[in-house]
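The values are calculated or read from the model by the stated rules, or taken from the named source; none is laboratory data. Treat the numbers as computed from the prediction; the structure is a model and nothing was measured. Using ideal geometry, Cβ is built from the backbone for each residue, glycine included, and neighbour counts are taken over all protein chains shown.
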Amino acid sequence: MSQSLFEKVWNAHAVRQLSNGQTQLLIGTHLIHEVTSPQAFGMLRDLGLKVKFPSRTFATVDHIVPTQSQVEPFADPLAQEMINALRANCEEFGVTFFDIGSGHQGIVHVVGPEQGITQPGTTIACGDSHTATHGAFGAIALGIGTTQIRDLLATQTMALSKLKVRRINVEGELPPGVYAKDVVLHIIKLLGAKGGIGYAYEYGGSLFDNFSMEERMTVCNMSIEGGARCGYVNPDEKTFEYLKGRPYCPQGDEWDAAVERWKAIASDPGCHYDDVVDIRAEDIAPSVTWGISPDHGIFVTENIPDPAQESDPDKRESIEEALEYMKLPAGAPIAGTPVNVCFIGSCTNGRLSDFRETAKYLKGHHVAEGVKAIAVPGSQIVDQLCKNEGLDQIFRDAGFEWREAGCSMCLAMNPDKLIGDQLCASSSNRNFKGRQGSPTGRTILMSPVMVAAAAVTGVVSDAREVFHVGQTAAV
Amino acid sequence: MALEKITSVSGKGAYVPGSDIDTDRIIPARFMKCVTFDGLGEYLFYDVRHHEDGTLKPHPLNDTNHAEASILLTGVNFGCGSSREHAPQALHKAGFRAVIAQSFAEIFFGNCGTLGMPCVAAAAEDIEKLGAAVNANPDLEITIDVEKNRVFYGDENFTVHMADSARDAFLSGKWDPIAELIEGDADIDRTASALPYMAR
């Protein structure tokens with residue numbers, strides 16, 4: 001019987017059924033970082049347990065790392081305490097740690113793929129909801145809490161109920177100036193922030209077939225913003241090409257055998273899906289958020305919603321709450337909204353192709369007066385690759401600050417924070433109240449090229465007009 | 001590891017209405033710079049409870065009448081966003097032992113389960129009615145009967161929902177799964193040995 005990738009991976013990793021009916025699921029690859037793991041190691045010690053498979057847990061440090069300088073000691077003693085704790089825990093339990101001095105440090109969801117740790121047909125978990133990113137390789141990748149990190153350290157398994165699978169087909173080609181970020185913002189807008197609860201999202205169709213691995217990662221990354229526990233794309237030649245030769249991938253004969261296994265793990269034609277959604281790529285335009293939930297999205301050419309036009313009282317109240325927080329006028333065009341800060345980076349859009357594509361348009365432009373603009377590579381390797389191509393200099397010449405690798409302003413657990421009610425054009429993934437570090441700070445999510453357009457004009461802008469995007473196809 | 005069987009939770013309520021209340025709002029990221037969960041309770045809902053100068057805003061949890069609340073009442077998609085267990089931990093450390101909402105985000109729901117904190121879903125009108133009753137009488141005693149899937153208060157009661165697996169885990173005292181996971185050790189090894197990537 002034909003099966004989906006989810007079904008096959010689930011079955012291969014199901015250890016046994018637990019007494020409450022949940023499955024004890026083997027998680028082959030466990031990724032940890034400094035914020036959600038120290039308490040788990042503490043629980044492990046309290047219970048007198050050891051790490052069962054130390055070679056299957058990989059650590060890096062990302063959330064609290066300052067991006068202006070990674071030199072220690074950090075100015076913030078709490079941040080220093082957290083990195084010290086991670087170092088000590090990895091040392092004590094024999095866990096591989098991509099530390100700052102390794103040259104391989106970065107955001108956990110950038111590091112996994114670039115090291116080749118992220119592989120098709122595997123199960124991956126991390127105490128971070130954006131773990132779905134790794135699904136781009138055909139892995140089932142789950143965000144978990146700290147108690148489950150303890151469970152994984154101790155047993156390499158966790159208790160989980162099986163998910164349903166929703167296939168999201170996007171057919172066709174994106175118009176010029178429209179990117180993977182616009183696709184995922186569009187999907188979340190259509191299906192809602194809680195539309196994916198209980199589901200794994202399988203992204204497919206000709207758009208995803210043609211997408212690069214980094215574009216696939218951008219979409220999978222934000223699956224959780226649509227409520228889905230995980231999201232994935234079936235592995236194909238692009239997946240194998242990306243992974244070949246990476247440090248933690250099989251080599252030689254083992255590589256060939258692995259590729260054969262990976263091919264077989266893809267969803268079979270005609271397999272069952274619990275739901276199917278069809279979207280046309282041509283219908284998608286550059287997208288931005290106007291509110292305080294990732295499903296508060298519109299095209300940049302559209303107007304901010306007007307609660308007076310909304311008949312559903314719950315929706316009306318939600319629009320009113322969002323607009324009051326965002327201090328945006330109901331019914332007005334979103335384009336032209338003044339921005340204070342522009343941020344390009346994060347596990348959603350902090351990879352080489354993001355900086356490469358943005359630099360292509362940013363060259364010859366300059367950040368508007370009064371706007372603070374920062375570009376933050378997702379890893380030390382991304383930083384180096386950008387520098388090899390001179391991309392950092394293009395950003396600097398345009399008036400951006402080029403920073404060191406980390407989560408930066410996506411969640412503000414480090415010095416990169418909004419001040420007061422500053423409005424940030426951000427390539428990150430969440431526009432929640434206070435997300436970027438100030439209790440009144442405001443976030444508008446968009447693609448990196450759209451952030452660059454906002455940076456050079458000082459207002460939310462249609463990047464296609466600012467950069468005269470027309471003839472060149474979107475990469 | 002014998003755990004308490006959780007068949008019901010009783011206590012006073014606090015009503016925090018709103019939809020899509022995310023875990024950043026429950027516990028802002030800057031308070032997660034810690035290596036233990038101790039002390040998180042005082043930062044629960046910090047930014048919606050405090051002005052920037054630290055003084056208190058009007059908020060149900062700042063109302064001293066609700067100081068003893070242990071059951072939180074709220075809206076749709078509660079706990080969405082970040083997977084941070086700091087959010088349920090902050091609720092737990094602030095004295096909450098259960099949440100009644102219209103619906104829950106999945107990771108949050110699971111995280112609450114492993115802390116022994118039942119999350120039950122109810123209809124909007126039932127929550128609103130109970131919320132109004134709690135606001136009128138903060139000392140109102142509420143009981144969530146996990147076994148019967150019902151909430152009781154005063155002369156009223158209504159149906160609630162919870163995934164069978166979670167309900168079963170509370171009733172059997174296996175809501176922290178670690179003991180049962182460890183029992184599967186031989187099966188874990190067998191499953192792992194069939195997966196080539198586990199050998200690396």
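Evaluate segment B:172-184: report whether one residue or more is in a helix (DSSP H, G or I), surrounded by fewer than 22 Cβ atoms within 10 Å (Cβ to Cβ) and of a type in the set (S, T, N, Q). No - not one qualifying residue is present in segment B:172-184.
Would you pick out the residues in segment A:9-25 that are more than 7 Å from chain B (Cβ to nearest Cβ) and in a helix (DSSP H, G or I)? Give the steps one after another, and end with the answer.
Filtering segment A:9-25 for residues more than 7 Å from chain B (Cβ to nearest Cβ) gives A:9-11, A:14, A:17, A:23, A:25.
Across segment A:9-25, the qualifying residues are A:Val9, A:Trp10, A:Asn11.
Restricted to segment B:97-113, and to residues there that are surrounded by fewer than 24 Cβ atoms within 10 Å (Cβ to Cβ) and under 25 Å from B:Val35 (Cα atoms), the residue that is farthest from the other protein chains (Cβ to nearest Cβ) is B:Arg97. Restricted to segment B:117-132, and to residues there that are buried (at least 19 other Cβ atoms within 10 Å of the Cβ) and part of a loop (DSSP other than H, G, I, E, B), the residue that is nearest to the other protein chains (Cβ to nearest Cβ) is B:Met117.
Taking the options B:Glu52, B:Glu42, name whichever one is surrounded by fewer than 21 Cβ atoms within 10 Å (Cβ to Cβ), charged (D, E, K, R) and not in a loop (DSSP other than H, G, I, E, B).
Numbers: B:Glu52 fails: not in a loop (DSSP other than H, G, I, E, B).
Exactly one residue qualifies, and that residue is B:Glu42.
Would you mind stating whether A:Asp253 is of a type in the set (D, E, K, R) and either touching a Cys at 6+ places or on another chain (Cβ under 6 Å) or within 14 Å of chain B (Cβ to nearest Cβ) (or both)? Steps first, please.
On the way: of a type in the set (D, E, K, R): yes; either touching a Cys at 6+ places or on another chain (Cβ under 6 Å) or within 14 Å of chain B (Cβ to nearest Cβ) (or both): yes.
The answer is yes for A:Asp253.
Of the helices (runs of 4 or more DSSP H) lying entirely inside segment A:105-217, those carrying at least 1 residues that are within 9 Å of another protein chain (Cβ to nearest Cβ), within 17 Å of A:Ser37 (Cα to Cα) and not charged (D, E, K, R) are A:146-155.
The listed residues are B:Ala87, B:Ala14, and the only one of them that is among the hydrophobic types (A, V, I, L, M, F, W, C), outside any loop (DSSP other than H, G, I, E, B) and closer than 30 Å to A:Asn84 by Cα turns out to be B:Ala87.
Yes or no, residue by residue, for (1) farther than 18 Å from A:Ala139 by Cβ; (2) under 27 Å from the mean Cα position of the chain (by Cα); (3) not acidic (Asp, Glu):
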position: A:Ala12; (1), (2), (3): no, yes, yes
position: A:Gly48; (1), (2), (3): yes, no, yes
position: A:Phe58; (1), (2), (3): no, yes, yes
position: A:Val71; (1), (2), (3): yes, yes, yes
position: A:Met82; (1), (2), (3): yes, yes, yes
position: A:Phe97; (1), (2), (3): yes, yes, yes
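Within the set B:Gly11, B:Gly18, the sole residue that is away from every other protein chain (no Cβ under 13 Å) and either buried (at least 23 other Cβ atoms within 10 Å of the Cβ) or under 16 Å from the mean Cα position of the chain (by Cα) (or both) turns out to be B:Gly11. Any residue that is free of Cβ contacts under 8 Å to residues at least 40 places away in the same chain, closer than 22 Å to A:Gly434 by Cα, of a type in the set (Val, Ile, Thr) and within 12 Å of another protein chain (Cβ to nearest Cβ) - is there at least one of those in segment B:54-74? The answer is no; no qualifying residue exists.
This table checks each residue for (1) touching a residue at least 60 places away in the same chain (Cβ under 8 Å); (2) more than 28 Å from B:Met162 (Cβ to Cβ).
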| residue | (1), (2) |
| --- | --- |
| A:Met1 | no, yes |
| A:Ile27 | yes, no |
| A:Thr36 | yes, no |
| A:Gln39 | yes, no |
| A:Leu44 | yes, yes |
| A:Pro54 | no, yes |
| A:Ala59 | no, yes |
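Of the residues A:Pro305, A:Pro294, which is without any contact (Cβ under 8 Å) to a residue 40 or more places away in the chain and over 30 Å from B:Pro196 (Cβ atoms)? Working first, answer last.
Values: A:Pro294 fails: without any contact (Cβ under 8 Å) to a residue 40 or more places away in the chain.
Answer to the selection: A:Pro305.
Among the residues of segment B:21-36, what is the count of those that are within 8 Å of chain A (Cβ to nearest Cβ) and under 27 Å from B:Val134 (Cβ atoms)?
Going through segment B:21-36, the residues within 8 Å of chain A (Cβ to nearest Cβ) turn out to be B:22, B:24-25, B:28-30, B:32-36.
After this cut, where a residue has to be under 27 Å from B:Val134 (Cβ atoms) as well, the list is B:22, B:24-25, B:28.
Counting residues in segment B:21-36 that are within 8 Å of chain A (Cβ to nearest Cβ) and under 27 Å from B:Val134 (Cβ atoms) gives 4.
Conditions tested, residue by residue: (1) in a helix (DSSP H, G or I); (2) crowded, with 21+ Cβ neighbours inside 10 Å; (3) in the same structural domain as A:Thr440 (by TED's automatic domain parsing).
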position: A:Tyr242; (1), (2), (3): yes, yes, no
position: A:Arg246; (1), (2), (3): no, no, no
position: A:Asp256; (1), (2), (3): yes, no, no
position: A:Glu260; (1), (2), (3): yes, no, no
position: A:Ser267; (1), (2), (3): no, yes, no
position: A:Cys271; (1), (2), (3): no, no, no
position: A:Pro294; (1), (2), (3): no, yes, yes
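Report yes if A:Ile319 is in a helix (DSSP H, G or I) and touching a helix residue (DSSP H, G or I) at 6+ places or on another chain (Cβ under 7 Å), otherwise no. Yes: the conditions hold for A:Ile319.
The residues of segment A:336-370 that are more than 25 Å from the chain's Cα centre (by Cα), closer than 17 Å to A:Ser426 by Cα and buried (at least 18 other Cβ atoms within 10 Å of the Cβ), listed by number, are A:Thr337, A:Val367. Checking the structure you have, find out if any residue of segment A:368-379 is under 17 Å from A:Ala463 (Cβ atoms), in a loop (DSSP other than H, G, I, E, B), more than 14 Å from chain B (Cβ to nearest Cβ) and of a type outside the set (Asp, Glu). Yes, the conditions are met somewhere in segment A:368-379. Being aliphatic (A, V, I, L, M), crowded, with 24+ Cβ neighbours inside 10 Å, more than 20 Å from A:Leu445 (Cα to Cα) and in contact (Cβ under 8 Å) with a residue 40 or more places away in the chain is a property that A:Val376 lacks. Can we say B:Glu85 is in contact (Cβ under 8 Å) with a residue 24 or more places away in the chain, more than 13 Å from chain A (Cβ to nearest Cβ) and among the charged types (D, E, K, R)? So B:Glu85 fails the test.
The set of residues from segment A:56-104 being within 22 Å of A:Leu153 (Cβ to Cβ), in a helix (DSSP H, G or I) and within 13 Å of chain B (Cβ to nearest Cβ) comprises A:Arg56, A:Glu81, A:Met82, A:Ile83, A:Asn84, A:Ala85, A:Leu86, A:Arg87, A:Ala88, A:Asn89.
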